[in-house]
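Step one of this worksheet: look at the structure below.
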Amino acid sequence: MTLAIDERTTSAPTQTLTRWLTDLGRALETGDIEAATSLFGVDSYWRDLVTFSWNITTVEGQSGIADLLRTTLQQTLPHGFAIEGDASETGGIVEGWFTFETATARGRGYVRLKDGLGWTLLTTITELKGLEEKRGPQRDKGVQHGAVEHRETWLERKAAEERELGYTRQPYVVIIGGGQGGIVLGARLKRLGVPTIIVEKNARPGDSWRNRYKTLCLHDPVWYDHLPYLPFPDHWPVFSPKDKIGDWLESYARIMELNYWGSTVAKHAAYDATTAEWSIDVERDGRPVTLRPKHLVFATGVSGLPVEPTIPGAERFQGEQYHSSRYISGELYRGKKAVVIGSNNSAHDICADLWEHGVDVTMVQRSSTHVARSDTLMELALGALYSESALAAGITTDKADLLFASIPYRLLGPLQIPVYAEMARRDGEFYARLEKAGFLLDFGSTYKSGLPARFWRRRLGPVLEIPAAGLGLLHRRWCVRAGRQRLNQTPQRGQRA
Ligand SMILES: Cc1cc2nc3c(=O)[nH]c(=O)nc-3n(C[C@H](O)[C@H](O)[C@H](O)COP(=O)(O)OP(=O)(O)OC[C@H]3O[C@@H](n4cnc5c(N)ncnc54)[C@H](O)[C@@H]3O)c2cc1C
C-alpha cells in the first residue's frame, strides 16, 4: 500500500504520519508481524476498541502488539489505512487521525509517534459492513405515495410494535436499566434495526435524575454530555439542572422511538445454552412477563446504588435518618440541626441546601477528598477536549471522546499529574483555607493524578467546586469533623436531625 504524498503542499508531520501509516498498512496487509511491531517503540501502547479483538483491549510494548496480531491478524485482514485530515506536531509528538477497514468493519483510529515510532495507537470500530445504520442517503422515505389499500400509518405501525414486542414477538436484545446508558444503547440498536426492549423500574425515562435532590445539576459541562445522534441545541446551559436533563432523556427516548418499558422491574434472568436464549422475568406495571431475547445487557449504573454504611447505635437515633439518594430539600428542616456523613459532591450540595434553608448543619468527613474548582477544572483538565474553544478548533464531542479513549490508562495518571499540580498551585489560597477549616484534601492518593484515575481506581467521587460562598460558609456554618472515631460515637437519645 502506498499513499501518495505531495511534498510541496503537505506539512512535515502529515508526511511523517502518512509514511508510518503506509508502512504499518503494508506490514499488516502482508501478514508481516515482525515488520509491524518494529514500527513501534519499546514504550508503546495499542488500545483496540472491537476492531481487532472484538473486545476493549490494551496491549503494551512490541511483544504485546505482536501477541495481539498473532491472535487476530489472520481473521481481521486490516487494509485501506488512510490519514484523515492533517497531522500535527507538539513537543516532538506527531499525531493524527486515520481510517481503515477490516474484513468485517470500517474503523477510525488515532496515532501518536514519538521519535518516528508508534507510541500510542487507537483503533475503533465505526460500523459493520453490510449492517450500516440507515442514515443520510439510506434513510427511510417515510411515506408511500399514491392510493394503497389497507395502508398502515406510522402511528399504527408503532402501536402494533408496542403491542407485540415482548408478547407475541420476542426482542433480540433486552437492556435492564433505562438511565442514560441504557437509553443511548437502545438508540444505537434502534438505528441498526435490532428489536430491543429497555426495562426500567422508574416510571419515566429521566426519573433517575428527577428523583434526586432539588438543587442537583450535572457537574460535567455540556460539551461532555451530548448523547449520540441528537446533540443539545447550542443555547443549552453549561451545567444541566437535573430535571432538565430528565426531560431531555425522556424526549430523546421518544424521538428515537425506543421501546421503553417504564415501571418494570427485572426480577430474575437465566441463560439457556441449548436455545441460546435468555429467560428474563420482569414485572411490568405489577404483571409478570417473561422475555426471551438472544442478548441481555445490564445498564444498571455505577453511581446510582446507595452505599449505606452500618453505624453502631444508628438504630437508637430518634431523628430522621436516610441516604442522600432520598434527600429532596432542606425546606422541611428550617431551624433544626442536621449531620451529613460524607464529604463528596452530594454531601456538599446537600450541606449548602440545608444552610440555605436555615439549618445548623455539620459535615462529617472520614477520609480525604479531592476538590477541584469547577472553573479551574474546566480550563486545565477538560478545556482542551470539552469546551467552546475545543469545538472552534474542530474537536467535536465524538472526537474528544476518542482522543480521551486513545490514552492508555497507564499513561493517563502520569499525564494528569502536571495538570493537578498546576491546579494546586493556581488555587493554592483556596486549598489553604479549606485545610484551615479542617477539610482533609488529596489530589489522588499516591500518584497525585487527580480526578479520573481516582474515580476509576477506587470509585471515589471528587467535589467539583465547594458550593455557595465556599470557604467562608464552610468555616462558619459547616463544621467539618474528620476522623473515624467521631462516626463511631453514639448519638445521644433524643438528639434530633
Ligand atoms: C447525585 C449524582 C450526581 C451525578 N452527577 C454526574 C455528572 O454530573 N456527570 C456524570 O457524568 N455523571 C454523574 N453522576 C453519575 C451518574 O450516575 C451517571 O453518569 C449516569 O446516571 C449513569 O447512567 P447509567 O445509565 O449508567 O446509570 P443510571 O442513570 O444509574 O441508570 C441505571 C438505571 O437502572 C435502573 N435499574 C436498576 N436495577 C433495575 C432492575 N432490576 N430493573 C429495572 N431497572 C433497574 C435504575 O432504576 C436506573 O434508572 C452522578 C450520580 C449521582 C448519584
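A short reminder: the numbers here are calculations on the coordinates, not readings from a lab. Note that this is a predicted model, so its numbers are computed, not measured. Neighbour counts are summed over all protein chains in view; Cβ atoms, including those assigned to glycine, are modelled from backbone coordinates with ideal geometry.
Within the same chain, lysines fewer than 8 places from LYS267 are excluded, and of the rest, those with a Cα less than 17 Å from its Cα are LYS201.
When DSSP assigns beta bridges and you keep just the ones with both residues in segment 155-298, what percent turn out antiparallel, to the nearest 5?
55 percent
First measure r as the distance between the Cβ atoms of ILE93 and SER63, then evaluate 1/(1 + (r/R0)^6) with R0 = 22 Å and state the FRET efficiency to the nearest 0.05. Kindly include the intermediate steps, with their values, before the conclusion.
Details: r = 23 Å, r/R0 = 1.04.
In this case the efficiency is close to 0.45.
Shape analysis of segment 378-454 places it in the oblate category; the axes a ≥ b ≥ c from the Cα gyration tensor give an a/c of at least 1.5, with a/b not above b/c.
Using unit Cβ charges (K, R positive; D, E negative) and no other charged atoms, how large, in debye to the nearest 20, is the dipole of the chain about its Cα centre? Magnitude of the dipole: close to 2020 debye.
If you take all other residues with their beta carbon under 13 Å from the beta carbon of LEU391, and give Lys and Arg +1 and Asp and Glu -1, the sum is -2.
Using a/c under 1.5 as the rounded threshold, could you call segment 283-429 rounded, prolate or oblate? The axes a ≥ b ≥ c are square roots of the C-alpha gyration tensor eigenvalues, and prolate needs a/b larger than b/c, oblate otherwise.
On the way: a/c = 2.20, a/b = 1.21, b/c = 1.81.
Oblate shape, in that a/c is at least 1.5 and b/c is the bigger or equal ratio.
Would you please put 258-264, 268-274 in order of how densely packed they are, using the mean number of other Cβ atoms within 10 angstrom per residue and starting with the highest? It would help to have the intermediate numbers written out before the result.
Numbers: 258-264: 21.1, 268-274: 9.6.
The densest-packed peptide leads the list: 258-264, 268-274.
Secondary structure note: in the chain, about 60% of the DSSP beta bridges are antiparallel. For the pair segment 253-312 and segment 207-232, the centres of their Cα atoms are 23 angstrom apart.
Taken about its Cα centre, segment 155-298 carries a charge dipole of about 80 debye when Lys and Arg each add +1 at the Cβ and Asp and Glu each add -1 at the Cβ. Among 20-31, 312-323, sorting by the average number of other beta carbon atoms lying within 10 angstrom of each residue, highest first, gives 20-31, 312-323. Once the other residues with Cβ under 10 Å from the Cβ of GLY177 are scored (Lys, Arg +1; Asp, Glu -1), what is the net sum? Summing Lys and Arg as +1 and Asp and Glu as -1 gives 0. Dipole magnitude for segment 1-107: computed about the Cα centre from +1 point charges on Lys and Arg Cβ and -1 point charges on Asp and Glu Cβ, it is near 200 debye.
Could you give the distance between the Cα centres of segment 410-445 and segment 114-144, to the whole Å? Rounded to whole Å, the Cα centres lie 39 Å apart. Only one residue of ILE125, TRP97, TYR386 has its Cα farthest out toward the positive end of the dipole of the chain, where Lys and Arg carry +1 and Asp and Glu -1 on Cβ, and that residue is TYR386. By its C-alpha gyration tensor, with a ≥ b ≥ c as the square roots of the eigenvalues, how is the chain shaped: rounded for a/c under 1.5, else prolate for a/b larger than b/c, else oblate? Since a/c reaches 1.5 but b/c is at least a/b, the shape of the chain is classed as oblate. Placing a pseudo-label 7 Å from each Cα along the Cα-to-Cβ vector at THR30 and ILE311 gives an inter-label distance of 6.9 nm.
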